[in-house]
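Trainee: Supplied in structure tokens, the structure appears directly below.
Quick note: the coordinates plus some simple rules give every number you see, no bench work behind them. Because the structure is a prediction, the values reported are computed rather than measured. So basically every Cβ, Gly included, is an ideal-geometry build from the backbone, and we count neighbours across all protein chains shown.
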Amino acid sequence: MVKKTYSGGTGRRKTAVAQVRLSPGTGTITVDGKNYEERFPRFDHRQSILKPLMVTQTNAKYDIVVKVSGGGITGQADSIALGISRALLKEDEKHKAALRKEGMLTRDPRAKERKKPGLKRARKASQYTKR
């Protein structure tokens with residue numbers, strides 16, 4: 001029997017889904033075959049991806065390979081962060097308190113609201129005319 005050398009975690013945000021594999025290594029993060037800095041040029045997206053590693057002080061301990069699909073760039077970045085948090089938790093249970101305190105283990109339930117009949121969007125109605 002072959003021993004599994006990685007921990008996995010799935011993160012979701014809006015319609016984005018990220019499958020994360022955490023394995024011991026030097027700290028490289030690969031998203032869909034590319035370096036994460038190449039895939040996420042905005043600084044705040046990179047910060048949200050790295051936040052679970054900063055909180056647990058495991059920056060250069062693990063190599064991370066991510067498959068992400070659906071959603072936009074912000075949803076994908078947040079789903080990757082949740083996936084990394086869940087994988088870190090499987091790797092070492094003592095990270096739970098720090099991750100929980102920062103809110104990194106809770107899935108963000110907000111999603112786009114459906115369009116209602118008779119309205120232009122979910123809540124936008126046509127302008128009221130008095131006369």
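Trainee: Compute the length gained on full extension between K112 and Q47: take 0.36 nm times their separation in residues and subtract their Cα-Cα distance, giving the result in nm to one decimal.
Mentor: Here the answer is 21.0 nm.
Trainee: Where nothing but the Cβ of Lys and Arg (+1) and of Asp and Glu (-1) is charged, how large is the charge dipole of region 7-101 around its Cα centre, in debye to the nearest 20?
Mentor: Computed charge dipole of region 7-101: roughly 320 debye.
Trainee: In region 48-98, if every C-alpha pair distance is counted and binned at 5 Å from zero, what percent goes to each bin?
Mentor: In whole percents, the pair-distance histogram is 4, 20, 33, 23, 12, 7, 1.
Trainee: Which whole-number percent is the relative contact order of region 28-89 (Cα, under 8 Å, 6+ apart)?
Mentor: For region 28-89, the relative contact order is 42 percent.
Trainee: In percent, how large is the relative contact order of the chain, given Cα pairs closer than 8 Å and 6 or more residues apart?
Mentor: Contact order relative to length: 32 percent.
Trainee: Please compute, for the alpha-carbon atoms of region 7-101, the extent along each of the three principal axes and give them in descending order in Å.
Mentor: Taking max minus min along each principal axis of the Cα atoms, region 7-101 gives 32, 26, 22 Å.
Trainee: When the chain is modelled as a GNM with alpha-carbon springs shorter than 10 Å, which of R110, R100, R86 fluctuates the most?
Mentor: Between R110, R100, R86, it is R110 that shows the largest mean-square fluctuation.
Trainee: At what distance in angstrom do the alpha carbon centres of region 1-77 and region 99-131 lie from each other?
Mentor: So the separation of the two Cα centres works out to 28 Å.
Trainee: Could you calculate the contour length gain from Q57 to E102, that is, 0.36 nm times the residue separation minus the distance between their Cα atoms, to one decimal place in nm?
Mentor: So the extension gain works out to 14.9 nm.
Trainee: Ok, one more. To test your reading of the geometry: what angle, between 0 and 90 degrees and rounded to tens, separates the Cα axis of helix 43-56 from the longest principal axis of the chain?
Mentor: Tilt relative to the chain: about 50 degrees.
Trainee: I've got another one for you. Please count, across region 7-101, the pairs of lysine residues with Cα atoms under 18 Å apart that sit 8 or more places apart or on different chains.
Mentor: Final tally of qualifying lysine pairs is 11.
Trainee: Taking θ = phi - 60°, what integer Hz values does the Karplus form 6.51 cos²θ - 1.76 cosθ + 1.60 yield along region 77-87, in sequence order, with x for Gly and Pro?
Mentor: Each residue's phi maps through the Karplus curve to give 4, 5, 5, 5, 4, 5, x, 5, 4, 5, 5 Hz.
Trainee: Now a separate question. Take every DSSP beta bridge whose two residues both sit in region 7-101, then give the antiparallel share in percent to the nearest 5.
Mentor: 85
Trainee: Whole-Hz Karplus ³J(HN,Hα) for region 5-13, in order, using 6.51 cos²θ - 1.76 cosθ + 1.60 and θ = phi - 60°, x for Gly and Pro?
Mentor: Per-residue couplings from phi come out as 9, 9, 10, x, x, 10, x, 10, 7 Hz.
Trainee: Okay, next question. Step through the residues of region 22-33 one at a time and calculate ³J(HN,Hα) from phi using the Karplus curve (6.51 cos²θ - 1.76 cosθ + 1.60, θ = phi - 60°), rounding each to whole Hz and writing x for Gly and Pro.
Mentor: Going residue by residue, I get 10, 10, x, x, 9, x, 7, 10, 10, 10, 6, x Hz, with x marking Gly and Pro.
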